[in-house]
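Below is one structure; the comments refer to it alone.
Values quoted throughout were computed directly from the atomic coordinates according to the rules given, and no laboratory measurement underlies them. Computed from a prediction, not measured in an experiment: that's the story for all the values here. Here the Cβ positions follow ideal geometry from the backbone for every residue, glycine too, while neighbour counts run over all protein chains shown.
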Amino acid sequence: MALSNHYYYDEEKCEFIRVEQNKFELIIYTTCLWILNGLVLGAIGLAALSSTVGTPAELALKAENETLLEQMESARESITSIESQLETISELDNELYRSLLGLDPVEPDNRLSGIGGSDPYSDFDIYSEDTRELLRWTSSKINSLQRRIVVQRASFDEIQAYYNRNRNLLRHLPAIKPVNNIILSGYGMRIHPVLNYRRMHEGVDFRAEIGTPIYATGDATVRSARREGSYGLMIVLDHDHGYETRYAHLSGFAEGIRAGTEVRRGDLIGYTGNTGMTQGPHLHYEVRIDGQSVDPLNYLIADTSPEEYQMFQQISDNNPMSMD
C-alpha cells in the first residue's frame, strides 16, 4: 500500500509545494501497516475460532477428558470382572467351606449391605449426563466391592478360627483329591456304560491310567482292603466322626495296607486299575457320612482352586455317563 502525495502551502511563493518522501520511511510505514492489518485480522479469526471450537487450552482439556472417560470405561469392565470373581468366592464360601464345616452361611443381605442416609453421589450431579452416570456407577461398585471384601475377610477369619478350634476333626476330613487328575463323570443319576441304564452313581470317577498312585484323602483307619463285587479291588477308609471314603477298581494295594492300618492324609494306599465292572481304567471315589453317600466334589477343598472346582462341576453337570 503506497502513501498518497502530500503538499504544503508556501506563503512566500504563494503556491503548493509537494512534500518529498523518504523511501526508507515509506518502506517502514508500508511494512508496519501490513503487520498491523495482519494482527487485526488474526485476532478477529482467533476470536471467531475460539467461540466455535475453543481455545487451545480448552481443546487440550477436552482431549484429556475424552481419554479419562475411555479409561473409566475400561475400568468399568475390570470392576465387572472382579465383581464376578468375588461372587464365585462368596458362593464357594457359603456352599462349600461354611457348609462343610457346619457353619451358618453369610446372608446375602449382609454381603450386599448398602450405604444409608442421603445420596452419597450427589456431588456428581454438576457434570454432564454421561459423565455423571459413569462416575455414579463406578463409585457405587467400588464401595460395594469394598464392603463385600470386608464381609468376606470376616467370614474367612471365622473359618480359620473354627479350624484352629477343631483341628483334630479337620485332619480326618477327606479334603484332598485321591489322585492328581481331572474327573470324568460326577455324582448323581448317570447312565451305566455296561448295563446301559440310568442309576445312582454314588461317587465321582477320576481319569487315571492303570498303576496311578492313590492317596488317602484324610487321616483314617483302613476298614477293608479286598475285592468287592462290581467294585473290583476296593479300599474303604474310616475317618471317624461319621466319615468314610471308598476307592474302587484298583489294580493293587500299597505295602502294609490292610484292615486296621492307620493312615494319614496324603499317604499312599493303592494303585488305580480296571477291576470290577467298568468301561476302562479309572478311580471311582466315594465319600459317605453316617452311611449315606454325598457328592465328593464338595470335599475337595484343600488342594483344589476355585477355577479347578468350577471345571469339575461343569464336567459333572454336562456328562450323563459314568465309568462304572
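Numbers for the structure displayed
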item: Relative counts (whole %) of C-alpha pair distances in region 134-213, using bins that are 10 Å wide; result: 14, 20, 21, 23, 18, 4, 0
item: Amide H partners (placed H, <5 Å) of S224, local residues excluded; result: V236
item: Whole-Å distance, taken between Cα centres, linking region 280-324 and region 123-149; result: 42
item: Footprinting exposure proxy for F124, F156, F206, F312 (fewest neighbouring C-beta atoms within 10 Å first); result: F156, F124, F312, F206
item: Under 5 Å, built H, 5+ apart or other chain: amide partners of M321; result: I191
item: Gain in span if fully extended, S84 to D130, counting 0.36 nm per residue against the direct Cα distance; result: 14.1 nm
item: Those chymotrypsin sites (Phe, Trp or Tyr not before Pro) in region 256-302 that DSSP places in a loop and that have at most 15 other beta carbons within 10 Å; result: none
item: Region 112-201, relative contact order in percent, only Cα pairs under 8 angstrom and at least six apart counted; result: 16
item: Contact order normalised by residue count of region 183-318, Cα under 8 Å, 6+ apart, percent; result: 29
item: Three-way shape call for region 258-324 based on the alpha-carbon gyration tensor, with the a/c threshold at 1.5; result: oblate
